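Data first, discussion second: the structure below is written as structure tokens.
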Amino acid sequence: MAIIIDNEKQLFTLHTKNSTYQMKVGLYGVLLHTYYGARVDGQDLSCLIQQQDRGFSGNPDEAGSDRTFSVDTLPQEYSTYGVGDYRESCLDVVQADGSIAADLRYSSYRIEKGTASLAGLPAVRSEDRGEETLYITLKDTASPITVELAYVVLPECDVIARSARIINHGAAPVKLKRALSCCLDFNLPGSWQMLSFYGRHAGERNLSRINLYHGKSRIDSVRGGSSHHQNPFIILCSPDATETNGLCYSMSFVYSGNFIAQAEIDQIGQMRTVMGIHPQGFEWQLNPDEDFQTPQVLCSMSADGFDRLSNNLHKTILTHIIRKPFANTRPPILVNNWEATYFDFDKEKLLNIAREAKNLGIEMLVVDDGWFGHRNNDESSLGDWYVNEKKLQGGLTELSKELQDMGMQLGIWFEPEMISHDSDLYRLHPEWQIQCPGRKSVKSRCQYVLDMGREDVRDYLFERISEILHATSCKYVKWDMNRHLANVWSAVLPADRQGEVWHRYVLGVYDLLERLLTEHPDLLIEGCSGGGGRYDAGMLYYTPQIWCSDNTDAIDRISIQLNTSFGYPVRTMGSHVSVCPNHQTGRTSPINTRGNVAMLGTFGYELDLCKLSDEDKEAVKQQVLEYKRQFVINCEGSLHRLVLPSERKRFSAWMTVSEDKTQAIVTCVLLKAQANGDQIWFRLRGLDPAANYTVVETGECYTGQALIQCGMVMPVLREEYGAVQFHLRAVAPDDFGV
Ligand code: DGJ
């Protein structure tokens with residue numbers, strides 16, 4: 001049983017395979033957090049909470065002369081503003097009388113088998129693997145507001161998915177000024193660090209690791225998308241934590257819009273972390289009998305460092321977030337024409353690329369930006385989702401047929417959320433653009449944003465996209481979003497509800513995705529936002545893979561992909577081999593290095609195959625075969641970051657290991673050539689120490705224990721950016737040559 005209730009002690013204990021999370025109804029009905037950490041059975045851990053008089057931290061009236069109970073210092077499950085907890089709150093309610101306060105006390109609980117579904121929002125799916133959900137209802141002492149906290153326990157993944165639902169049972173509307181999803185209070189003093197993943201367009205998910213100080217450390221997005229700039233995912237850890245050692249916790253937001261993730265060290269060294277929809281620009285009117293559902297946060301912990309933590313999240317996303325059957329189905333190997341042609345293509349050019357692709361074993365041609373309206377550059381036509389017959393005679397239906405005849409599939413690029421001023425759609429519906437009345441528009445990449453909160457906008461997009469999908473054999477859509485929101489205002493909401501537009505935008509995107517996937521259940525959507533600008537567990541619920549970055553340079557991609565892997569599995573990372581010199585960095589790297597890096601993801605090509613040398617074409621053929629062989633190990637096995645580029649060694653290395661530990665792939669890339677260089681060596685991970693392995697390429701044999709403890713020496717690599725890849729296979733003792 002994942003959830004254990006002690007009714008007498010009012011103690012709630014949630015167990016996963018390796019972790020325990022516990023809460024207790026404290027004095028006066030305040031729901032206290034007692035523990036989250038490595039698994040502990042059969043113990044009331046409220047013994048870890050110490051109450052004492054703490055000066056300026058006030059006490060509830062019911063406490064009489066007792067000054068030791070204060071919500072300002074005690075660990076809370078869901079903090080509120082206005083009643084004496086001066087740390088970061090999860091909930092700020094403007095009550096019907098104008099007061100801003102909520103004092104939540106325990107009311108009831110219930111347990112359900114399976115996972116919680118959240119209206120209109122992505123959330124972990126039930127998979128019949130022992131999932132249970134605990135709902136705890138808290139009631140405000142002075143208003144008809146209740147909060148239902150949901151804790152979905154995923155025992156096998158070591159994950160607890162938290163969310164909150166705020167309900168107005170009163171007769172008058174109230175306003176939510178902030179409704180975060182999750183608060184994690186750690187009451188035991190200690191030193192903490194926070195890992196987060198910052199970036200920019202074409203430079204996503206750089207790793208930041210900082211010491212937390214007294215005060216608040218926050219990452220966030222107020223851009224309308226989860227953003228390239230900060231990913232909605234953090235790790236909190238002890239300063240000694242490494243890939244293989246130390247205590248660490250993660251919080252991953254299942255949401256694709258504005259967010260905050262914040263860690264605060266308070267007056268007595270306790271840490272409070274919160275995650276949720278960013279309160280800036282947010283306000284939500286809650287009418288009588290309405291509720292507000294917050295998005296989910298995936299909380300995980302590992303007592304053995306980041307490697308295990310990441311693999312917990314990989315398993316969770318593959319098992320409970322990604323739509324079936326995509327988690328376990330190899331996506332088609334594709335060639336995308338963007339870097340091959342940009343806007344300058346016609347049907348013949350595309351068919352030539354497709355023919356060459358077919359010869360090399362590639363399975364799909366993705367027609368990227370520029371096939372619609374009169375779009376020959378990025379200044380027009382977004383919204384006009386009608387094919388440009390000058391470029392594609394016979395339209396997409398004809399192209400789809402011709403591709404099918406040659407044994408190739410068709411994929412199509414859309415950017416549904418956007419509108420160009422030079423478009424028929426804008427001429428017909430200028431009011432569909434998100435735009436503050438009377439202000440000049442803010443342009444970004446010459447384009448503007450549609451009000452996705454409007455049903456008529458979504459109906460139009462559904463109809464356009466769906467018609468194209470029905471008229472072709474297309475089973476793959478690349479869903480792009482190439483700018484962030486500004487001048488946020490909606491023509492369909494009254495002045496006092498404009499604070500809802502940001503969140504309604506995200507709900508609208510989810511709604512459209514859901515409608516399309518219901519109508520086209522086999523459709524594989526690859527998410528994209530100028531590369532990896534909306535790489536979050538929310539989008540992954542609808543789009544099993546996301547284009548990792550517009551930077552396709554294999555060497556830059558090593559850190560982008562390995563850092564992405566802290567929170568997201570290999571299966572989700574769109575990654576392609578592109579041409580050299582690379583279009584973004586000008587760097588040249590060998591084709592096998594480009595292949596090895598791209599194989600750590602959903603594989604494809606982003607170049608004009610017709611222009612490749614015969615030698616490179618042969619390399620592509622081999623890569624295609626190799627990717628098919630590697631898919632199950634890379635995408636269903638475990639991933640181990642052996643040496644990150646940020647460690648500033650002269651190489652980087654990673655490995656993937658099959659679930660049964662009988663096969664592994666080890667990849668090492670030389671980042672810096674060195675004359676008379678030092679030996680390249682690293683320890684392996686994820687293998688079975690009791691097994692014996694042979695290196696397929698050399699026939700050398702090693703014990704699993706030796707590879708784990710002593711490591712492996714790489715052959716001498718001289719070529720800058722050269723790579724070496726080994727396959728390990730477990731062998732029976734008789735075949736073991738040592
Ligand atoms: C940004 C994407 O990330 C690129 O791959 C490409 O699709 C362009 N948009 C097209 O405009």
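The values are calculated or read from the model by the stated rules, or taken from the named source; none is laboratory data. Computed from a predicted structure; not experimentally measured. Cβ: placed from backbone, ideal geometry, glycine included. Neighbour counts: every protein chain shown. Heads up: the accessible areas ignore ligands, DNA and RNA and are worked out on the full protein's heavy atoms, side chains in. Shrake-Rupley method; radii C 1.70, N 1.55, O 1.52, S 1.80 Å.
Checking each residue in the range 404-453 for being out of contact with any Phe, Trp or Tyr (no Cβ under 8 Å at 6 or more places or on another chain) and among the small types (G, A, S) picks out G407, S423, G438, S444. Filtered by the rule that a residue be under 30 Å from L396 (Cα atoms) and in contact with a Lys or Arg (Cβ under 9 Å, 6 or more places away or on another chain), the range 480-508 gives M481, N482, R483, H484, G508.
Selection within the range 326-356: residues that are surrounded by fewer than 18 Cβ atoms within 10 Å (Cβ to Cβ) and among the hydrophobic types (A, V, I, L, M, F, W, C). The member of this set that is farthest from Y476 (Cα to Cα) is F343. Out of curiosity, is R454 in contact (Cβ under 8 Å) with a residue 24 or more places away in the chain, open to solvent by less than 40 Å² (accessible area, probe 1.4 Å) and closer than 17 Å to V387 by Cα? Answer is no for this residue. Only residues that are under 23 Å from M599 (Cα atoms) and open to solvent by less than 50 Å² (accessible area, probe 1.4 Å) were counted in the range 685-706, giving 6. The set of residues from the range 715-730 being at pLDDT below 95 and either under 16 Å from K661 (Cβ atoms) or among the aliphatic types (A, V, I, L, M) (or both) comprises V716, L717. Each residue in the range 687-710 was checked for being within 17 Å of D660 (Cβ to Cβ) and of a type outside the set (A, V, I, L, M), and 6 pass. Reported count of residues in the range 33-48, each being loosely packed, with under 13 Cβ neighbours inside 10 Å and in contact with a Cys (Cβ under 9 Å, 6 or more places away or on another chain), is 0. When C183 is tested against (1) assigned to a strand (DSSP E or B); (2) open to solvent by 30 Å² or more (accessible area, probe 1.4 Å); (3) touching a residue at least 60 places away in the same chain (Cβ under 8 Å), exactly one condition is not met: (2).
Please determine, by comparing only the residues of the range 324-360 that are in a helix (DSSP H, G or I) and within 13 Å of the ligand (Cβ to nearest atom), which one is farthest from I419 (Cα to Cα). For the range 324-360, the residue satisfying everything is A340. Can you tell me which residue within the range 412-436, out of those that are among the hydrophobic types (A, V, I, L, M, F, W, C), in contact (Cβ under 8 Å) with a residue 60 or more places away in the chain and within 16 Å of the ligand (Cβ to nearest atom), is nearest to P332 (Cα to Cα)? Here the answer is I412. Of all residues in the range 437-447, none satisfies being more than 13 Å from the ligand (Cβ to nearest atom), surrounded by 18 or more Cβ atoms within 10 Å (Cβ to Cβ) and not in a strand (DSSP E or B). When the range 115-139 is filtered for residues that are surrounded by 21 or more Cβ atoms within 10 Å (Cβ to Cβ) and out of contact with any Gly (no Cβ under 8 Å at 6 or more places or on another chain), the ones remaining, listed by number, are T115, A116, A123, V124, L134, I136, L138. Filtering the range 482-512 to residues that are within 16 Å of the ligand (Cβ to nearest atom) and over 13 Å from D451 (Cα atoms) leaves N482, R483. Tallying residues that are under 16 Å from R323 (Cβ atoms) and touching a residue at least 40 places away in the same chain (Cβ under 8 Å) within the range 514-550 yields 21. All of (1) open to solvent by 20 Å² or more (accessible area, probe 1.4 Å); (2) of a type outside the set (V, I, T); (3) farther than 25 Å from A598 by Cα hold for R323 with one exception: (3).
Among the residues making up the range 531-553, those that are more than 22 Å from G453 (Cβ to Cβ) and within 16 Å of the ligand (Cβ to nearest atom) are G531, G532, Y535, Q545, I546, W547, C548, S549, D550, N551, T552, D553. Applying the condition of being in contact with a Gly (Cβ under 8 Å, 6 or more places away or on another chain) and surrounded by fewer than 21 Cβ atoms within 10 Å (Cβ to Cβ) to the range 215-238 and asking which residue is farthest from F566 (Cα to Cα) yields V222. Each residue in the range 11-48 was checked for being under 17 Å from S79 (Cα atoms) and not in a strand (DSSP E or B), and 5 pass. Does G567 meet the test of being within 16 Å of the ligand (Cβ to nearest atom) and surrounded by 22 or more Cβ atoms within 10 Å (Cβ to Cβ)? Judged against the criteria, G567 is not a match.
Summed over the range 449-498, the residues that are among the small types (G, A, S), under 30 Å from G407 (Cα atoms) and in contact with a strand residue (DSSP E or B) (Cβ under 9 Å, 6 or more places away or on another chain) give a count of 1. Restricting the range 361-395 to residues that are open to solvent by 10 Å² or more (accessible area, probe 1.4 Å) and more than 16 Å from the ligand (Cβ to nearest atom), the residue that is farthest from L469 (Cα to Cα) is G361.
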